[in-house]
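As structure tokens, the structure follows; a few thoughts come after it.
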Amino acid sequence: MASAFGRADWPAEGRDVTLAFDPGLSRTVRVRLRFARRGELAPGEDHAVLFLEDLRSMQARVRQEKLAAMGRVSVGIAHEIRNPLAAIAQANGLMAEDAVSPAQRQLTRLVSDNVERLKRIVDDVMEVAPGAVVVAARIDLAAAVAAVCADWAAAARLPIGPLRLDLPGEVLWVRFDAEHLRRVLVNLLDNAWRHASGAPGSIAVRVYRAEGRAVLSVASDGPPIPPEVERHLFEPFHSTRSRGTGLGLYICRELCERYGAGIDYRTRPATDPHRNDFSVVMQPADAAPADAPPASDPPAVHRPA
């Protein structure tokens, strides 16, 4: 407010403001300010009412309504794309059998690569199709995270040390689909690895309890995300990579919302080596029944000292 009083050019559409939270977390919000002139107040009034709302939340609700309508159209388009895409893949496979020169083989590989890319986009659109049946299972979050991280590190052939886990010693039950949790976590790990330094411990994965909820945090030591990029992180088809679809974080958010979870990004303080922090907040499930089998030991992982 003090800043607004001191400015004469505060735009009607709002201005980005960075807020600092204890213990040093920060977040950028979009703030719109309007002050009533003295002549607009009723006689005898010497006070005003202050309304505070992050405009991005309101804009997100509007986008969600538009996306819901777009989703229904997109599903129909995705269905229509699948048939000619399969025909292209089959025809290219037949041509690849007769390709003899390096130039011909290069062209068939180019077609094949782009067909696979289109297939992934279609699958991503179908993944978040409206009206999908939600089947939530009770899973041990710490054990599931350890397993996914081990598989991801092995598939990425990472050198020893970049990925560090901080998992609770107790079983932490949550309601989520195991495959969807894998999808969310792998996407966050891929993004973290893409921007991390690659040094030992450059990616920190943590599972903990906070205010009665279960939290999965994936943080990296890459440079903080600029505010102009942060506001579009979870929007579909927004990507900073030339070959990115811009659907990764959007799908993560849609999958989380199916199970009553939330996903968000915050910048940690400058003193923290892992400044980029994506967190998934989940509602805990009831404790496992007495006759439930004991949770298996998670695979060996690198833990901080």
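So what's the net charge close to ARG109: Lys and Arg +1, Asp and Glu -1, counting the other residues with Cβ under 15 Å from its Cβ?
Summing Lys and Arg as +1 and Asp and Glu as -1 gives -2.
Accessible area of TYR250, 1.4 Å probe, to the nearest 10 Å²?
Counting only protein heavy atoms, the figure is 20 Å².
What distance in nm lies between label points placed 7 Å from Cα along the C-beta direction at ILE88 and ARG117?
1.1
Just to confirm the filter: which GluC sites (Glu not before Pro) across the stretch 195-234 are DSSP coil and have at most 15 other Cβ within 10 angstrom of their Cβ?
Loop-located and lightly packed - GLU211.
List the residues whose amide H sits under 5 Å from the amide H of GLY260, counting only those 5 or more places along or on another chain, with H placed 1.01 Å from N in the peptide plane.
Result for GLY260 returns nothing.
Can you sort ASP177, ASP190 by 1.4 Å-probe accessible area, starting with the largest?
ASP190, ASP177
Using only protein heavy atoms and a 1.4 Å probe, report how much of TRP173 is accessible, in Å² to the nearest 10.
60
What residues qualify as long-range amide H neighbours of ASP221, i.e. H under 5 Å apart, gap of 5 or more or another chain, H built at 1.01 Å from N?
SER197
The values are calculated or read from the model by the stated rules, or taken from the named source; none is laboratory data. Source: prediction; values computed, not measured. Every residue, glycine among them, receives a Cβ derived from its backbone with ideal geometry; neighbour counts consider all protein chains shown. Heads up: the accessible areas ignore ligands, DNA and RNA and are worked out on the full protein's heavy atoms, side chains in. Shrake-Rupley method; radii C 1.70, N 1.55, O 1.52, S 1.80 Å.
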